[in-house]
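Structure, as structure tokens:
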Amino acid sequence: MDRLFLDANVLFSAAYRPDAGLLSLWKLKNVTLCSSRYAIEQARFNLDDNDQRARLETLTRHLHLFQAAARDLPSGISLPEKDVPILLAAIETSASHLLTGDVRHFGSHFGRRIADTLILLPGEYLRART
């Protein structure tokens, strides 16, 4: 069973439109969806209207929430300060995958395992499942 840690931009994209393609993550069998309050708050802050925020609230009811542990990033990993809690929470969760659309900051880590967590674009994960 996969444990998927969802970054803020994945939560944002899933809540942005009622027919968002990323909603298919919530329909997958044999996965546990995880995130953090930090990621949820980042997504909520960036959503424009009350309908989007309500969709986010509904989606987050089905998530297992974890917080970043007070530790350093694994050796050799460099991320902007705002992204450190995302990776550390994914590691704390023992996530099999960190799904993020943040190509700018996580792009150099796509397809790599960091502390047993594989970092992927959500679309790549979904294509691999079909």
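Is it true that I86 is surrounded by 14 or more Cβ atoms within 10 Å (Cβ to Cβ), at pLDDT 95 or above and either over 27 Å from D19 (Cα atoms) or touching a Cys at 6+ places or on another chain (Cβ under 9 Å) (or both)? For I86, the condition - surrounded by 14 or more Cβ atoms within 10 Å (Cβ to Cβ), at pLDDT 95 or above and either over 27 Å from D19 (Cα atoms) or touching a Cys at 6+ places or on another chain (Cβ under 9 Å) (or both) - is not met. Of the helices (runs of 4 or more DSSP H) entirely within region 1-106, those holding at least 3 residues that are farther than 20 Å from L126 by Cβ occupy 37-46, 50-60, 84-92.
Taking the conditions exactly as written (over 17 Å from A8 (Cα atoms) and polar (S, T, N, Q)), does N46 satisfy them or not? No: the conditions fail for N46. Being within 23 Å of S24 (Cα to Cα) and not β-branched (V, I, T) narrows it down to one residue among L79, L73, L126; which is it? Going through L79, L73, L126 in turn, just one is within 23 Å of S24 (Cα to Cα) and not β-branched (V, I, T): L126.
Screening the candidates A15, A68, A43, A20 for the property of being within 11 Å of the chain's Cα centre (by Cα) and surrounded by 14 or more Cβ atoms within 10 Å (Cβ to Cβ) yields one hit, A43.
When we screen D116, D72 for residues that are under 20 Å from T32 (Cβ atoms) and free of Cβ contacts under 8 Å to residues at least 60 places away in the same chain, the only hit is D116.
The values are calculated or read from the model by the stated rules, or taken from the named source; none is laboratory data. The shown structure was predicted, so the numbers you read here are calculated from the model rather than taken from an experiment. Glycine gets a Cβ as well: all are built from the backbone with ideal geometry, and neighbour counts include every protein chain shown.
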